[in-house]
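Enquirer: Quick one: the structure is below, and I'll ask about it shortly.
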Amino acid sequence: MYATYVIWAKHMHKFSRSTEEAIGLALQSVMWVVLFGVGMRGLVGDVGGNDYMSYMLPGIIALSALGGAVGGGLILLDERLRGITKEYLVAPIPRLSILLGNAASTATKALFQALLMLLVGLLMGARLAGNPAGWLAALVLVALFALGFSGLALAIAAQSRSIMGYHGMIFLFNLPILFASNALYPLDVLPTWMQVVVLFNPTTYLIDATRALAFGTPATLPLLLSAAVVLGLALGGVGLAYVSFQNSLQRTM
Amino acid sequence: MTTLAIEAHSLGKHYKEATALSDLSLQVEPQQIYALLGPNGAGKTTTLSILTTLLPPSSGTARVAGFDVVQQAHEVRRRIGVTFQEIVLDRDLTGRQVLDIHGQLYRLGKAERTRQISELVALVQLEDAIDRGVKTYSGGMKRRLELARGLMTKPEILFLDEPTQGLDPQNRAGIWDYIRTLNREHNLTVLLTTHYMEEAEALAHRVGIIDHGTMVAEGTPAGLVASIGTELIRMQGSGDTAHFINTITTLPFVLRVDQDQQQGAIQIYVDNSTRRLLDVVQMAGSNGMRVDDISIARPTLGDAFLHYTGRGLRDS
Ligand SMILES: Nc1ncnc2c1ncn2[C@@H]1O[C@H](COP(=O)(O)OP(=O)(O)OP(=O)(O)O)[C@@H](O)[C@H]1O
Ligand SMILES: [Mg+2]
């Protein structure tokens, strides 16, 4: 899977050269944490035995990973529309490596953004749990989560015929994922029907586990279950992307 | 020769909306330059896409460098270089990065990549621009960079989809030169598609004329020209053209009559143009045609094309 590395490195190189994208991503992260965090903190105070900044940080990190996934799908779509994927497709490399290269660069950027948000969050008063192993585990989960959702985004990008169509489809699943989750409010304040919906959302599991691992908020769901759901999401997302991509190769653009 | 470089048997590609290819067969000997000539929508790109493993055929089989393009796609990919009809370059990279990343995809070592890049950059004369961003390149420079990219991995067989489309005569002649050099000195087999008769005539050992997704004629450029009635009288006139064409078509020495839709020129293929010139002029007069211009012409590949596809190249 050397080709995965080559494609990842190419995307990272382009990212590092594109100051606009890098600064945009950084500012976005800072703004989310500062504006959202400060505003909501005034409203809410403490949740689940922890200050609200610590409480909502995993949620906005998950949100930024979603945004990153959308961006990753866009890169594939752009390369497809401009024909650049054809250069990969006639090369003696596995087709999966094209997707993995893309998903890996997306996850890397999401991780970079997560770290930045974490830093700003800490400056704003969030408190980390004592155990660095927990932080690491949380980061791994965030990366897997980003991988999974970039898979879903790639699956859509492999079929879209235009940037507009892609955004339309993405919008459909992006918003509910944030609001129908425990990102902004604890599970037990929700009505039962909403709790059921929220439990079908993998974002809920990521956030719950991240809160527990990195910030010491007591987990409301079994940690192992959360980890399994996030891993399942990653595998499922990549699998779906692969099927969708293979299917798109039956015809020319 | 033992194995053919490229062989396709009854390739078909069917979409819901349209049939792109039906029953196309093709054979290319090693170390040949083969040109696929055809009007827009004839199926040239589809053929190349199948042979380069980009698209699976709906029916038929094809082998490239002795390997099946579906079952052994990986082996085929290792042995071919490809340039596409539209320019496919990452605008945010420099020329050197484009070539280097391409080499990495094929797992060439660092030293080999450096060597290949300097050799190819000299061949396509991009020394001055190679470290500049691709977005600063002109169309001709991009085409040359793409050609270099296709050659990075020392392919046995090179596929070029309209390699000189949109280039000025100087750039075009340059690319023809590179292709000839590669073919002669590196024994490279080349399959290219083109709209330009001159290109096929100048470059190709063999030409295949393709139309409506199938091969309509095939041979050497000279052979194709010879295969359509021996000689040609070209006439420009005004009057009841349809009637005139109908009348002379029935003459025993007239093998075929075509009319170019755009210019209105009537092409009369005859057994012997010098001997029949006077007959044609007389026929025109007695059928109420005014002859504005008449000449004896040597048939060209363009005439062969018109003969086999029934239309000029640019009026699809
Ligand atoms: N994905 C597709 N879906 C439906 N029809 C298609 C598709 N791709 C190609 N076709 C059709 O197949 C036919 C052959 O197309 P192809 O691109 O191979 O032609 P071409 O000879 O390369 O033409 P040009 O000279 O314009 O490049 C065309 O009629 C085209 O409309
Ligand atoms: Mg074409």
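The values are calculated or read from the model by the stated rules, or taken from the named source; none is laboratory data. The model shown is predicted, which means the values in this text are computed figures rather than measured ones. Virtual Cβ from ideal backbone geometry, glycine too; neighbours counted across all protein chains shown. What goes into the accessible areas is simple: the full protein's heavy atoms, side chains included, and nothing from ligands, DNA or RNA. Shrake-Rupley method; radii C 1.70, N 1.55, O 1.52, S 1.80 Å.
Enquirer: Does region B:38-56 hold any residues that are under 26 Å from B:TRP176 (Cα atoms) and more than 10 Å from ligand 1 (Cβ to nearest atom), and which are they?
Expert: B:LEU51, B:THR52, B:THR53, B:LEU54
Enquirer: Which count do you get for residues in region A:87-122 that are under 20 Å from A:ALA26 (Cβ atoms) and either away from every other protein chain (no Cβ under 14 Å) or out of contact with any Phe, Trp or Tyr (no Cβ under 7 Å at 6 or more places or on another chain) (or both)?
Expert: Going through region A:87-122 one residue at a time, the tally reaches 17.
Enquirer: Only one of these is within 16 Å of ligand 2 (Cβ to nearest atom) and either out of contact with any Ser or Thr (no Cβ under 7 Å at 6 or more places or on another chain) or at pLDDT 90 or above (or both): B:GLY140, B:GLY219, B:GLY166, B:GLY229. Name it. Write out each step before concluding.
Expert: Numbers: B:GLY140 fails: within 16 Å of ligand 2 (Cβ to nearest atom); B:GLY219 fails: within 16 Å of ligand 2 (Cβ to nearest atom); B:GLY229 fails: within 16 Å of ligand 2 (Cβ to nearest atom).
Sole residue among the options that is within 16 Å of ligand 2 (Cβ to nearest atom) and either out of contact with any Ser or Thr (no Cβ under 7 Å at 6 or more places or on another chain) or at pLDDT 90 or above (or both): B:GLY166.
Enquirer: Could you please find all residues in region B:38-80 being more than 16 Å from ligand 2 (Cβ to nearest atom), closer than 25 Å to A:ALA3 by Cβ and small (Gly, Ala, Ser)?
Expert: Within region B:38-80, B:ALA62, B:ALA65, B:GLY66, B:ALA73 meet the criteria.
Enquirer: Considering only region A:123-144, state which residues are within 14 Å of A:SER29 (Cβ to Cβ) and touching a Leu at 6+ places or on another chain (Cβ under 7 Å).
Expert: Scanning region A:123-144 gives A:ALA126, A:VAL142.
Enquirer: Filter region B:70-110 down to the residues that are in contact with a Lys or Arg (Cβ under 7 Å, 6 or more places away or on another chain), hydrophobic (A, V, I, L, M, F, W, C) and in contact (Cβ under 8 Å) with a residue 12 or more places away in the chain and list them by number.
Expert: B:PHE84, B:ILE87, B:VAL88, B:LEU89, B:VAL98, B:LEU99
Enquirer: I'd like the full set of residues that are surrounded by 21 or more Cβ atoms within 10 Å (Cβ to Cβ) and more than 20 Å from B:THR45 (Cα to Cα), limited to region B:142-167.
Expert: If the condition is that a residue be surrounded by 21 or more Cβ atoms within 10 Å (Cβ to Cβ) and more than 20 Å from B:THR45 (Cα to Cα), then B:LEU145, B:ALA148, B:MET152, B:THR153 are the ones that fit.
Enquirer: Only one of B:LEU191, B:LEU203 is modelled with pLDDT of 90 or more and either within 16 Å of ligand 2 (Cβ to nearest atom) or assigned by TED's automatic domain parsing to the domain that holds B:VAL281 (or both). Can you tell me which?
Expert: Being modelled with pLDDT of 90 or more and either within 16 Å of ligand 2 (Cβ to nearest atom) or assigned by TED's automatic domain parsing to the domain that holds B:VAL281 (or both) holds for just one of B:LEU191, B:LEU203, which is B:LEU191.
Enquirer: Would you check if A:MET117 is out of contact with any helix residue (DSSP H, G or I) (no Cβ under 9 Å at 6 or more places or on another chain) and either assigned to a helix (DSSP H, G or I) or open to solvent by less than 30 Å² (accessible area, probe 1.4 Å) (or both)?
Expert: no
Here's the yes/no breakdown for (1) touching a strand residue (DSSP E or B) at 6+ places or on another chain (Cβ under 7 Å); (2) over 20 Å from B:VAL64 (Cα atoms); (3) more than 13 Å from ligand 1 (Cβ to nearest atom):
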site	(1), (2), (3)
B:PRO155	yes, no, yes
B:ASP161	yes, no, no
B:ASP168	no, yes, yes
B:ASP177	no, yes, yes
B:ASN183	yes, no, yes
B:GLU198	no, yes, yes
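Enquirer: Only one of (1) in contact (Cβ under 8 Å) with a residue 40 or more places away in the chain; (2) within 21 Å of A:MET56 (Cα to Cα) is not met by A:LEU136, so which one is it?
Expert: Unmet condition: (1).
Enquirer: Something else now. Looking only at region A:27-85, how many residues end up being in contact with a Lys or Arg (Cβ under 8 Å, 6 or more places away or on another chain) and modelled with pLDDT under 85?
Expert: So the count comes out to 7.
Enquirer: Count, please, the residues in region A:4-41 that happen to be open to solvent by 30 Å² or more (accessible area, probe 1.4 Å) and hydroxyl-bearing (Ser, Thr, Tyr).
Expert: Result for region A:4-41: 4.
Enquirer: Having 2 or more residues that are more than 8 Å from chain A (Cβ to nearest Cβ) and open to solvent by 10 Å² or more (accessible area, probe 1.4 Å) is the bar; report the strands (runs of 3 or more DSSP E) wholly within region B:23-119 that clear it.
Expert: B:59-64
Enquirer: Suppose we filter region A:212-253 for residues that are within 14 Å of another protein chain (Cβ to nearest Cβ) and loosely packed, with under 14 Cβ neighbours inside 10 Å; how many remain?
Expert: 5
Enquirer: Looking at (1) without any contact (Cβ under 8 Å) to a residue 60 or more places away in the chain; (2) crowded, with 17+ Cβ neighbours inside 10 Å; (3) of a type in the set (Lys, Arg), which is the one condition that is false for B:ARG275?
Expert: (2)
Enquirer: Additional query: Residues of region B:237-264 being open to solvent by 40 Å² or more (accessible area, probe 1.4 Å), in contact with a strand residue (DSSP E or B) (Cβ under 6 Å, 6 or more places away or on another chain) and assigned to a helix (DSSP H, G or I), which ones?
Expert: B:THR249
Enquirer: In region B:194-236, how many are assigned to a strand (DSSP E or B), open to solvent by 20 Å² or more (accessible area, probe 1.4 Å) and within 16 Å of B:GLN267 (Cβ to Cβ)? Write out each step before concluding.
Expert: Initial filter on region B:194-236 (assigned to a strand (DSSP E or B)): B:194, B:206-211, B:214-219, B:231-236.
From the residues that got through so far, the ones that are open to solvent by 20 Å² or more (accessible area, probe 1.4 Å) too are B:206, B:214-216, B:218, B:231, B:234, B:236.
With within 16 Å of B:GLN267 (Cβ to Cβ) added as a condition, the list becomes B:231, B:234, B:236.
Residues in region B:194-236 being assigned to a strand (DSSP E or B), open to solvent by 20 Å² or more (accessible area, probe 1.4 Å) and within 16 Å of B:GLN267 (Cβ to Cβ): 3 in total.
Enquirer: So, in region A:186-215, how many residues would count as being touching a residue at least 60 places away in the same chain (Cβ under 8 Å) and of a type in the set (Ser, Thr, Tyr)?
Expert: Result for region A:186-215: 2.
Enquirer: Return the residue satisfying two criteria in turn: it lies in region A:1-33 and is among the small types (Gly, Ala, Ser) and more than 9 Å from chain B (Cβ to nearest Cβ), and of such residues it is nearest to A:THR85 (Cα to Cα).
Expert: The residue in question is A:SER16.
Enquirer: Something else: Taking the condition of being in a loop (DSSP other than H, G, I, E, B) and of a type in the set (A, V, I, L, M, F, W, C), how many residues in region A:167-204 meet it?
Expert: Number of matching residues: 5.
Enquirer: Can you tell me which residues in region B:57-81 are within 14 Å of ligand 1 (Cβ to nearest atom) and not small (Gly, Ala, Ser)?
Expert: B:PRO57
Enquirer: Could you pull out the residue among B:THR136, B:THR164, B:THR114, B:THR181 that is touching a residue at least 40 places away in the same chain (Cβ under 8 Å) and of a type in the set (Val, Ile, Thr)?
Expert: Result of the check over B:THR136, B:THR164, B:THR114, B:THR181: B:THR181.
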